[in-house]
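*Asks:* To start, I am sharing the structure in question, which I have written as structure tokens.
The values are calculated or read from the model by the stated rules, or taken from the named source; none is laboratory data. Owing to the predicted nature of the structure, the values given are computational and were not obtained by experimental measurement. Here the Cβ positions follow ideal geometry from the backbone for every residue, glycine too, while neighbour counts run over all protein chains shown. Protein only, heavy atoms only, side chains kept; ligands, DNA and RNA dropped before computing areas. Shrake-Rupley method; radii C 1.70, N 1.55, O 1.52, S 1.80 Å.
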Amino acid sequence: MYTKHMITGYDPLSRTLTTGIGNLIDLIRLPDTLVPPEYPLNVHKRQRSHIKFQKMMEKEGWKKEIPVELKLMTHGINFHIRGRLDLLLESDGILSLLEVKTIPFQPDFEDPVDSRIRHVLQLYFYAKALACERHVSPESIQTGLVYLAMNTKTPERYDFPVDVFGIQVEEAWLRHLESIADYLNGEDSRKRKQVSSLANFSFPYSSFRAGQQDIIDDVRSAIIDQACLMLQAPTGTGKTAAVLFGALQEILPQRLTLFFLTAKNTHKQIVDETLRLIISGGLSLRAIFITAREKVCLRGRSSCLPDDCPFASDFGKKVRESGVIENLLNQKVIDPNILVEMSKSAGVCPFELQLIISTRCDAVVCDYNYVFDPHVYLKRFFLERSTSCTCSLLIDESANLPSRARDYYSPEIRLSWVEQLLADHKCPEYRRKLLKPWKEKFRELNNLLIQNNSQEYELPPETELSLHVEQWMNLFIELKDAPEELRLMFRAILDFSKISDSYDNRFHLLFRAEGNDRVLQWFCTDPSEFLSERLRACHSSIAFSATLTPFDHFRDLLGFPNEPETRYRSISYPFPEENLGVWIDSSIDTRYKSRTLSVTLLAEKLKNIHSNVPGTWLVFFPSYAYINLIRRFLDESSLPLLIQTPGMTGEERTSFISQIESGSHLVLTVSGGIFAEGIDLRSDTLRGAVIIGPSLPGMNLRLKLLSESFSVRNRDGFLHTWAIPGMVRVIQAAGRLIRNEKQRRMVILIGKRFTRYPYIGLLPEHWFSNGSIQLLSNGLDDLVNFMK
């Protein structure tokens, strides 16, 4: 359940809210508690019982699903409310109305007016609308609520007559409408001031960099025309500031919500700084940074257990009494630190609070998954087209989205989940019956893995799996605090079932070993249709990155439409090209099969580069294995080495960057990793980057299937699966070097393949001097002379 603070159907010109009664009842109301009910109900089971009861009442002369509507005005706001009445009986001039609800057990209350006011208000609307339409007095209308208790095989019926025209109900209805009207009036006032402040809205920096005005114009045009834009601009162009500046000028007058999507915390810091500069310049704006649940949990938990959480109980009451929503909105930019601090003070869950507040903000900064992941997308914005069409997307580093999307739509089941659940001595027998067939299936599949002497293989799509979806549904709805492994298992079972029921050639059933674990996965080679569905539902979408060409490659992967719905813009290099020296050293073979033979030569080359041009050099390798191979030849040298290691914590990453910026080092790091994109190094000693090979993704069955999917679409499988992604990493790595017109840096590409197609054809145009790239001389005099 979520609170519908996002008000759709409101026309500010006529000051009219057109909505359904269900939406109206939930608008701006806070949930009383985040603790789930003792017995959460199966939605499908509830619907079946509801429909069955209506059909039974039809046989007794009742009419079902009667459409009604009501128009009224409160505090200057026109309300146009629609709904469908569950049951109506007309007899001897009396109208009898029944609203039907399902509940887990028999009612534990005596008067719905005191404990089920939402149900009563819905019933009030039907009675009020019917009285107006039929021109009858309230005395001729009888109303009641029917509750169907679902804890028995045949739901038991409980009737509650309700006097909806009593003072208590009338006042509750009026208070609710007044609170909505006051909220809309407040938003109208805020929006008028906001649009007025646009008149004095200026770029947050003293001057424009080359290309920024083009970015601003293109972004504004795309939003005005509700179109898609693919924008490539080199690192250092100032994409973030330009894109935000252009977008805000158009989304604010149209009352759209701007989503800035980025996967990197370093990028979020840049967005934060830019938004604060914009606000300090006089623009009235509210922005929030959505943070993962486990990162803001006040109990430090990785999974949510609301039954055992004091920050989940009495949620609505605590929020109202503390005024925490108003206090946070006054911050203008709501970052995770202030969110956690104020949520803790109010005694409420930060994660749920940020979701509620997000609907009152103009800009939302979050990870890709809150828009595109089918399991965690923000339903407040994207569940219905009526809300998603008010959202404009800015997709930062969008070259990374396709691989993330493949993960979203490639569900997996792990042996470790099954084993951990079965190892629990509290695991009940009925759960064991569902889990044991999976353990047996993993044993069977693992034997085939051993027989094939492989790490991964593909199964026939018709492979029989023990899904038993209905039994899993019945199991899960009876659990209050399910173990995390059970939640993951349940979600995967549902995903597996959907794919099995509607299988197509985009999905491949794979089994593989991952260390000591075993994984069964439906691997999706092409999630572009799923991405396209979300993009079509939104108002407009702008994808931008330093590496977004070839445009047709990324357009198809991202699910963007063809021209003219999608526009393209490639921004020229904004800094003096003579300040970037680029060389290729083709004397070293960096292919996998030749690395052991050439590692000594490569180590000597790195030593010579650092000794001839002292300072900090970033050396990017295609893998950790390659780093480990060469460090054995460098450890005994006197070189000041800094070496990236797998799985670095946030603190270790921060420390690593600080060391890079504070001294003179030879930094061994991984292409495509956390230090190869999205960081802005502030180092006066930085001399350049050495990039070892084209950084092609490794060979495995999943990439082979991906390559085949390109071939089926008449595309070059190698080019689109390996060459383009590899060269994207190369360009991203080099993007760490120059961020202003005064800096002078070098890029050395090591490997024979850089002199050949398709690799050389994928390098940026500004890397070429007079149509070519220099070959590095043996004496490295070129580097020394360049720095002089």
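*Asks:* Please list the helices of the chain that count as membrane-span-like by this rule: a mean Kyte-Doolittle hydropathy of at least -0.5 together with Cα atoms stretching 20 Å or more along the helix axis, each helix being a complete DSSP H run.
*Replies:* Within the chain the helices that satisfy the rule are 117-134, 265-280, 484-501, 595-612.
*Asks:* To continue, here is another question. Among the DSSP beta bridges whose two residues both lie in the chain, what percent are antiparallel, rounded to the nearest 5?
*Replies:* Once the DSSP bridges in the chain are tallied, antiparallel ones form about 35 percent.
*Asks:* Give the label of the value calculated from the structure for Cα extents along the principal axes in Å, choosing from (i) 105, 70, 50; (ii) 102, 74, 45; (iii) 89, 56, 49.
*Replies:* (i)
*Asks:* Moving on. Enumerate the residues in region 670-694 having an amide nitrogen under 18 Å from the point lying 7 Å beyond the Cα of V613 toward its Cβ.
*Replies:* 681-693
*Asks:* Next up: Cβ under 10 Å from Q420's Cβ, Q420 left aside: what net charge do those residues give with Lys, Arg +1 and Asp, Glu -1?
*Replies:* Overall, the nearby charge balance is -3.
*Asks:* So in region 57-156, what percent of DSSP beta bridges are antiparallel if you round to the nearest 5?
*Replies:* Roughly 65 percent of the DSSP beta bridges within region 57-156 come out antiparallel.
*Asks:* Return the loop-located GluC sites (Glu not before Pro) in region 104-154 (DSSP other than H, G, I, E, B) with at most 15 other Cβ atoms within 10 Å of their own Cβ; answer none if there are none.
*Replies:* E110
*Asks:* Using a 1.4 Å probe on the protein heavy atoms only, what accessible surface does S398 show? Give it in Å² to the nearest 10.
*Replies:* Rounded to the nearest 10, that gives 0 Å².
*Asks:* What lysines could a cross-link reach from K605, if we take a straight Cα to Cα line under 20 Å and drop same-chain neighbours fewer than 8 places away?
*Replies:* K605 reaches K593, K752.
*Asks:* Now a separate question. Hey, can you grab everything whose amide H is under 5 Å from the amide H of F768? Only 5+ residues off in sequence or another chain; H modelled, so Pro and N-termini drop out.
*Replies:* none
*Asks:* Leaving ligands, DNA and RNA out of it, rank K268, K742, K55 by accessible area with a 1.4 Å probe, largest first.
*Replies:* Correct descending sequence by accessible area is K742, K55, K268.
*Asks:* Calculate, for the chain, the solvent-accessible area per residue in square angstrom, rolling a 1.4 angstrom probe over the heavy atoms of the protein chains.
*Replies:* For the chain, the per-residue accessible area is 45 Å².
*Asks:* Need the C-alpha centroid separation for region 225-273 versus region 727-788, integer Å.
*Replies:* After rounding, the separation between the Cα centres reads 29 Å.
*Asks:* What spacing in nm lies between the two simple spin-label points modelled at V43 and E170, each 7 Å away from Cα in the Cβ direction?
*Replies:* For the pair V43/E170, the computed spacing is 3.8 nm.
*Asks:* Using alpha-carbon pairs under 8 Å, 6+ residues apart, how would you state the relative contact order of region 479-620 in percent?
*Replies:* After rounding, I find 11 percent.
*Asks:* So for region 161-205, Kirkwood radius off the Cα pairs, Stokes-Einstein at 4 °C and 1.567 mPa s: how many µm² s⁻¹?
*Replies:* 95 µm²/s
*Asks:* A further question on this structure: So if I place +1 on the C-beta of Lys and Arg and -1 on the C-beta of Asp and Glu, and nothing else carries charge, what would the dipole magnitude of the chain be about its Cα centre? I want it in debye, nearest 20.
*Replies:* My answer is approximately 1280 debye.
*Asks:* Oh, and also: Please list, ordered by chain and number, the residues whose modelled amide H lies under 5 Å from the amide H of L666; skip anything fewer than 5 residues away on the same chain.
*Replies:* W617, L641, L642
*Asks:* Of H50, H720, H44, H425, which has the most accessible area with a 1.4 Å probe, and how do the rest follow in descending order?
*Replies:* Sorted descending by solvent-accessible area, the residues read H425, H44, H50, H720.
*Asks:* While we're on this one: Multiplying the sequence separation of E65 and S772 by 0.36 nm and subtracting their Cα-Cα distance, what value in nm do you get?
*Replies:* Roughly 247.2 nm would be gained on extension.
*Asks:* What are the lysines whose alpha-carbon lies under 17 Å from the alpha-carbon of K441, with same-chain residues fewer than 8 places away excluded?
*Replies:* Leaving aside lysines fewer than 8 places away in the same chain, those within reach of K441 are K433.
*Asks:* Tell me, in nm to one decimal, what length is gained between D159 and K433 on full extension, where the rule is 0.36 nm per residue of separation less the Cα-Cα distance?
*Replies:* The D159-K433 span can extend by a further 94.7 nm.
*Asks:* Treating only the Cβ of Lys, Arg, Asp and Glu as charged (+1, +1, -1, -1), what charge dipole size does region 68-201 show about its Cα centre? Round to the nearest 20 debye.
*Replies:* 840 debye
*Asks:* On the accessible surface of the chain, probed at 1.4 Å, how many percent belong to carbon and sulfur atoms?
*Replies:* After summing per-atom areas, the C and S share lands at 48 percent.
*Asks:* Would you kindly derive the ³J(HN,Hα) couplings of region 772-787 from the backbone phi angles with the Karplus curve 6.51 cos²θ - 1.76 cosθ + 1.60 (θ = phi - 60°), listing them in order in whole Hz, with x for Gly and Pro?
*Replies:* My calculation for region 772-787 gives 8, 10, 5, 8, 6, 6, 4, x, 6, 4, 4, 5, 4, 5, 4, 6 Hz in order.
*Asks:* Along the charge dipole of the chain, which of Q331, S769, L30 sits closest to the positive end, that is, farthest toward it, with unit charges on the beta carbon of Lys, Arg, Asp and Glu (+1, +1, -1, -1)?
*Replies:* S769
*Asks:* May I pose another question? Modelling each spin label as a point 7 Å along the Cα-to-Cβ direction, I'd like the N265/D373 distance in nm, to one decimal.
*Replies:* 1.6 nm
*Asks:* Assuming 0.692 mPa s and 37 °C, estimate D for region 378-505 with Stokes-Einstein, Rh taken as the Kirkwood radius over Cα pairs, in µm²/s.
*Replies:* Once the numbers are plugged in, D ends up at 187 µm²/s.
*Asks:* Under 15 Å Cα-Cα from K101, which aspartates and glutamates qualify once same-chain neighbours fewer than 8 residues away are excluded?
*Replies:* Within the straight-line limit of under 15 Å, K101 reaches these aspartates and glutamates: E65, D86, D111, E156, D159.
*Asks:* Same structure, new question: Could you give the radius of gyration (one decimal) and Dmax (whole number) of the Cα atoms in region 351-446, in Å?
*Replies:* Gyration radius and largest Cα-Cα distance of region 351-446: 19.5, 53 Å.
*Asks:* Here is a follow-up. Rounded to the nearest 0.05, what FRET efficiency is calculated for N185 and H135 with R0 set to 30 Å and r the Cβ-Cβ distance?
*Replies:* 0.45
*Asks:* Here is a further query. To the nearest 20 debye, what is the magnitude of the charge dipole of region 635-788 about its Cα centre, counting +1 on the Cβ of each Lys and Arg and -1 on the Cβ of each Asp and Glu?
*Replies:* Dipole of region 635-788, to the nearest 20 debye: 480 debye.
*Asks:* Using Cα centres only, tell me the gap between region 612-677 and region 523-602 in whole Å.
*Replies:* 24 Å
*Asks:* Under a crude label model (7 Å from the Cα following the beta-carbon direction), how far is D26 from N446 in nanometres?
*Replies:* If labels sit at D26 and N446, their model points lie 4.4 nm apart.
*Asks:* Which is farthest toward the positive dipole end of region 395-434 among A423, S410, I395, measuring Cα position about the Cα centre, with Cβ charges +1 (Lys, Arg) and -1 (Asp, Glu)?
*Replies:* Projecting each Cα onto the dipole axis, the largest value belongs to A423.
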